[in-house]
Structures are given as structure tokens and as C-alpha cells.
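A short worksheet on the structure shown next.
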């Protein structure tokens, strides 16, 4: 079954109903744009208003294509020489549609930014735009040059180093403020370590992870 | 350079009233000031929770400006 079709009706509502039955999905999960709106009621009786729409069902494929188009447009407007590819297959999990996009650029790091700030900005904006168009439940992941994986690895290393410091000094170690995703990476990296525990402190963009040495850590046995 | 168009595209894709989106650019030699006007009820949409969306727009704008050795400042006006 096609995911994208064009339909006509006397009103947007009417065209949507047709699209709904042709696509075989409920009206609520259809995203549409009005292509043409003509009002010929002055010509004669029976003609009336005509609305032509392009309707799209909300599927992993249509969400992925729309997200790709949105990100490509942003890059074009920035006059960056890069192409966007849909990585893996978009999938549906727990009612969330996950889309994975990869930017293939010149490798200059311009699209990554400091600690991935630019990459995160693309991801945030594309998510906002896509979730608006498809009324929620979409998660778009944006990556380039395998940055996400590298970041995860370097954060895991940092976490281990800092946990050693906490154990040695027996004092809490505060990390720099990190994004929610990065904080999760740190918590995950240290969750198996019984000699320390981790928690987050602070608010909003200033939220940071603290590594706290557990009382009476193993390894230093008394008696 | 299409800084104006870039901000306009992002803003229009985020708001409920795209027709109320107005973007103007005051170009300086090194620094450009981009003014973004949106409908009052759309202000929250371009700013986002804890200013996250506004920050994302500014970050993208900075990256695009860096490419041409310029500096851009984004002002969001109601």
C-alpha cells in the first residue's frame, strides 16, 4: 500500500476522509499539506470549492523520509556540502518511531561542534519539526563520522578515570555539566562498580554527574 | 549567505502561525544581527524548554557563520 497519496475534496476535511480510506489509516494519523485550493463557486452551480491535498500516513518510512528531507534542507541552507542517508531501517518500538540519520560531510568537524553541540542542535530541531508534523511519538537520531559511538567510548573512559579518583581520595568527584544522554552513559559505565555510586545534581543545562565513594569500600578490609 | 533563510525555514517549521514569522538581517562587516519575529503564542515554540530550541537555532547559526568567518547574533522578538 502506498504511504503518500494525493486526494481531492470539497473541503480539507472531505479530502482527508478520502485519503483516510485510501491509505487505510485513521484521519488522526495522517499528515497532509494543501496543494491547491480553488473556489469556483462564482462560475456556476455545482462547481463549488475544491481542495487538493497530499496526504501521508505515519509510518516508519514516511517519518524517515520527511526527517531526511528536513535535515537536508537545513544543510543546504547552511551551504554545507553534505548528504543525508537513512541508516539502518526506521523502526517502531513501544509506539515510538525511531529514525536513524547519518550526515556524510567533509569530515571537518563543523557539523559536530564542541562536544557534539552542533550535532545535538540538528537532532533537537529535526525532532521538534518532525514531531510537530506527525503529532508526536517520533525519535530521530542524527549522527556523523561515527561521533555518537566515539563520544560514548571517551565518556566511559572519563567515567572510569574519575571513579578511580573518587576511590583514591574518598571524596565525591563532580563531572562537568553534560546532556541527559551523556549523563546516562556515565551512569551506565559505572553501575557495576560497588565501590562508588553515581547521581545527578543541578538543574536544566547545568545538571552534572557526581561520583560518590561508597562508605567502607570493599578492598579496604578491617579486622 | 542564506542566514536569514535558514532561520526563517526553522522558525516556520516550528510555529503554528508561519505567516506571522518575519526575519530581518542587519549585516555588519563581521557581525550580523538576525531578528526573528513570531506570533506571541508561538514564542514558546521557538524558545523551547529552558531555552533549548533557541539555543539549538543559535548553535546552527554559529556553525553556518563560522564557515564564512563571520559572527551572527539571533534576537527573538515577540
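Laboratory data are not the source of any read-out in this text; all were calculated from the coordinates shown. Small disclaimer: the values here were computed from a predicted structure and weren't measured.
List of remarks:
- Cα gyration tensor shape of segment A:148-217, rounded if a/c is under 1.5, else prolate or oblate by comparing a/b with b/c: oblate
- With only Cα atoms counted, segment A:59-147 has Rg and Dmax values of 12.4, 37 Å.
- Over the residues of chain A, the helix contribution to mean residue ellipticity at 222 nm works out to -12000 deg cm²/dmol, using -39500 (n - 2.57) for each DSSP H run of at least 4.
- Mean projected area in nm² (Cα convex hull; one quarter of hull surface) for segment A:4-57: 3.3
- Residue among A:105, A:113, A:202 with the largest mean-square fluctuation in a Gaussian network model of chain A, springs linking Cα atoms under 10 Å: A:202
- Nearest-ten-degree value, helix A:117-133 long axis tilted from longest Cα axis of chain A: 40
- Shape summary: chain B maps onto an equivalent ellipsoid whose semi-axes, from the alpha-carbon gyration tensor, are 21, 13, 10 Å in decreasing order.
- DSSP beta bridges in chain B [antiparallel fraction, %, rounded to 5]: 45
- Note on chain A: Cα-only Rg and Dmax are 25.1, 102 Å.
- Taking Cα atoms only, the orientation of helix B:3-14 departs from the longest principal axis of chain B by about 20 degrees.
- The angle separating the long axis of helix A:60-77 from the principal Cα axis of greatest extent in chain A is about 80 degrees.
- Distance between segment A:149-178 and segment B:1-41 - C-alpha centres, whole angstrom: 40
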